[in-house]
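Notes follow the structure.
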């Protein structure tokens with residue numbers, strides 16, 4: 001029975017052209033391509049008008065979707081070309097390789113073995129554990145041929161001999177040369193980095209070929225990686241050995257599914273870490289689509305890229321670049337112009353030697369930003385189908401390029417987009433990332449969307465939570481809620497739930513918060529919970545939601561916080577005082593946001609008790625003093641007393657520095673305009689001994705580094721003058737110098753702005 005083995009490089013343009021010609025000559029009745037048998041059904045869909053490469057078959061463990069493998073295809077992949085030919089001519093097409101289910105089982109066993117070894121090492125009582133020798137991966141087999149041929153790498157050797165030097169009507173000689181090269185390497189005992197795995201893979205490949213022959217297919221063509229080609233030819237001699245090898249494979253009950261997903265040129269490139277990756281997917285696609293005058297057409301595309309960036313490029317630039325590239329190829333005895341010559345010509349002629357401009361060509365053309373397309377009627381899990389329906393209705397296309405969306409929540413479609421993106425955020429699907437908006441209003445949101453194929457794993461991984469994005473998001477929240485004992489964590493879940501409009505589960509979350517807050521004695525946890533709940537209570541203004549039920553919980557929380565705060569701050573060390581310092585500031589901001597006099601009073605009373613309590617870290621004391629002063633709950637005279645007492649020379653300098661840090665609280669304006677405070681701190685610094693000052697310097701530097709640049713500059717200018725006397729302000733305009741006529745001119749504008 002005729003059996004033809006075509007050894008190829010995955011994603012090789014020359015290989016693809018030779019495969020296409022050889023198939024037309026052979027007219028096979030069965031085609032086998034490298035890949036796990038479970039993807040055979042997916043391969044039958046190649047040729048569908050809406051399945052546009054680059055795409056990938058994703059095969060995954062149905063019980064653990066994160067355990068998955070990808071099999072990418074481009075238009076110039078030899079396997080894709082063969083599949084198109086087979087499906088067009090109704091020829092049986094199958095994948096032949098080790099089944100993915102067995103591969104997943106082997107991976108699981110390796111992880112268990114590695115974990116057992118790690119636990120054994122951790123449990124040993126010996127002090128000196130011997131080093132475990134690292135297994136050195138063999139070299140790329142082609143690198144040996146590259147060395148004797150004068151090429152820099154095995155990749156360059158293969159590209160020159162088997163891809164770039166494509167000759168029409170020489171496909172038989174091409175594949176014979178491939179097999180000869182691989183046979184010569186294998187006969188010398190040279191190994192590849194995957195030879196241990198290849199023993200099982202190649203045995204399984206041979207077994208599938210035998211099965212095809214037993215089914216009386218008389219003209220079988222096998223398309224596989226070039227390295228495997230020599231060992232797939234003599235099937236009879238290896239039958240018994242293959243039987244023993246396959247019996248050694250582990251048994252598995254893992255169930256797998258395969259589906260098509262969009263892929264990108266970036267993911268096809270070797271830079272992404274893809275094992276069969278190529279350096280220039282965009283260039284390879286150009287070669288596949290433009291067999292004639294490919295160099296001229298390529299430089300025309302390069303010129304268009306530069307012109308879009310407002311770089312002056314004329315037709316003369318293109319002509320000169322073509323001539324230079326051809327000259328470079330001739331000097332190097334190369335029969336055809338390659339990408340290297342074209343890049344050097346572009347750098348010299350169009351970029352004027354500026355390599356940064358060439359990076360633009362590499363990003364836009366050499367690699368490219370193409371994203372494949374998958375038909376809507378291809379079987380998918382229900383959650384994946386709902387995701388695709390939703391992004392289509394919201395006009396949020398999947399693109400390989402990052403795109404920013406500035407949403408106005410007063411617009412109905414933008415509000416729906418926001419809800420959907422917040423739900424994806426809860427599901428930890430990182431397609432959309434929130435970024436800062438230029439608007440300070442809560443009705444504005446900005447998101448950056450950038451699709452990566454691996455995100456489909458996360459989507460399928462959540463499929464067991466529900467068949468729609470909404471149901472899956474609700475179940476994700478409820479799943480996290482089951483064992484949660486922290487009030488703060490539950491309040492964070494509520495904060496995520498409101499913008500995602502998961503109102504069906506709000507009542508459960510609020511009840512959980514109420515139950516936990518009733519029995520919780522952890523003031524830090526309550527303080528962690530309070531700001532998110534206050535923030536949530538403000539969403540009703542924009543999202544038209546009734547959140548009045550939260551108010552009672554918010555009020556009970558602040559009451560418990562106010563009662564327990566002084567005792568919670570007693571005896572804290574520096575690290576815990578820093579955490580409490582941050583929480584006090586956040587709660588204070590939330591209290592101001594709530595805008596309720598009774599809550600303000602309750603909070604100020606708690607801060608006053610805290611300020612008077614002994615045994616409290618000075619960082620917290622300084623912060624408390626500043627908050628009371630800002631709220632005008634502490635008079636200037638009382639503040640002066642606190643300042644003089646806290647900055648006394650009799651106090652520990654480290655405690656004084658901590659008090660200053662807490663008081664200034666990231667704002668230098670008070671130092672710039674309050675001359676009394678300035679003089680106190682200036683005198684305190686001046687009287688510190690040099691060795692003590694060096695000890696305090698990190699603390700003071702940390703305090704002042706939080707100020708704005710303009711504030712630090714003004715403080716530096718003020719420091720040149722030293723102590724500020726009362727005459728400092730005498731240069732300002734007095735009442736007698738006020739021009740009342742000019743001042744009155746601003747009143748109409750103020751009345752208009754204030755709506756008077």
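Which three lengths, in whole Å and largest first, does the stretch 382-465 cover when its Cα atoms are put on their principal axes?
38, 23, 20
Once you place label points 7 Å from the Cα toward the Cβ at residue 676 and residue 373, how far apart are they in nm?
Simple spin-label model gives 7.3 nm for this pair.
Which three semi-axes in whole Å describe the equivalent ellipsoid of the stretch 630-725, each the square root of 5 times a Cα gyration tensor eigenvalue, listed largest first?
In descending order, the three semi-axes are 19, 18, 14 Å.
Report the full-extension gain for the segment residue 26 to residue 218: residue separation times 0.36 nm, less the Cα-Cα distance, to one decimal in nm.
Result for the pair: 68.0 nm of gain on full extension.
Roughly what would the spin-label model give for residue 292 and residue 482, points 7 Å off Cα along C-beta, in nm?
For residue 292 paired with residue 482, the spin-label model returns 6.6 nm.
Give, in nm to one decimal, the length gained when the segment between residue 655 and residue 448 is fully stretched (0.36 nm per residue of separation minus the Cα-Cα distance). List each step's numbers first, then the result.
Numbers: separation 207, 0.36 × 207 = 74.52 nm, distance 4.50 nm.
Here the segment from residue 655 to residue 448 would lengthen by 70.0 nm.
Estimate the FRET efficiency between residue 237 and residue 279 by the formula 1/(1 + (r/R0)^6), using the beta-carbon distance for r and 51 Å for R0, to the nearest 0.05.
Calculated transfer efficiency: 0.85.
Taking every Cα atom in the stretch 571-619, find the radius of gyration and the maximum pairwise distance Dmax, and write them in Å.
Expressed in Å, the Cα Rg and Dmax of the stretch 571-619 come to 12.0, 33.
From the helices alone, meaning DSSP H stretches of at least four residues, give me the mean residue ellipticity at 222 nm for the chain, per-run term -39500 (n - 2.57), in deg cm²/dmol to the nearest 500.
Rounded to the nearest 500, it is -17000 deg cm²/dmol.
So if R0 is 56 Å, what FRET efficiency would residue 44 and residue 515 give, r being the distance between their Cβ atoms, rounded to the nearest 0.05?
0.55
Report the equivalent ellipsoid semi-axes for the stretch 189-313 in whole Å, largest first, defined as the square roots of five times the eigenvalues of the gyration tensor built from alpha carbon atoms.
Numbers: eigenvalues 370, 69, 47 Å².
In descending order, the three semi-axes are 43, 19, 15 Å.
Can you compute the modelled spin-label distance between residue 113 and residue 576, with each label point 7 Å from Cα toward Cβ, in nm?
Going from the residue 113 label point to the residue 576 one covers 4.9 nm.
Between residue 385 and residue 359, what length comes free when the chain is fully extended (0.36 nm per residue of separation minus the Cα-Cα distance, one decimal in nm)?
Extending this stretch completely gives an extra 5.6 nm.
If you average 1/r over all unlike Cα pairs in the stretch 290-367 and invert the result, what Kirkwood radius do you get in angstrom?
This gives a value of 12.4 Å.
Just to be sure I understand the curve: with the Debye formula and one point per C-alpha of the chain, what is log10 I(q)/I(0) at q = 0.06, 0.08, 0.09 Å⁻¹?
-0.62, -0.94, -1.05
What is the P(r) of the stretch 219-267, as percent of Cα-Cα pairs per 5 Å bin from 0?
4, 11, 12, 14, 18, 19, 13, 7, 2
Readers should treat all values here as calculations from the given coordinates under stated rules, not as data from a laboratory. As the structure is a computational prediction, the values presented were derived from the model and not from experiment. Backbone-built Cβ (ideal geometry, glycine too); neighbour counts: all protein chains shown.
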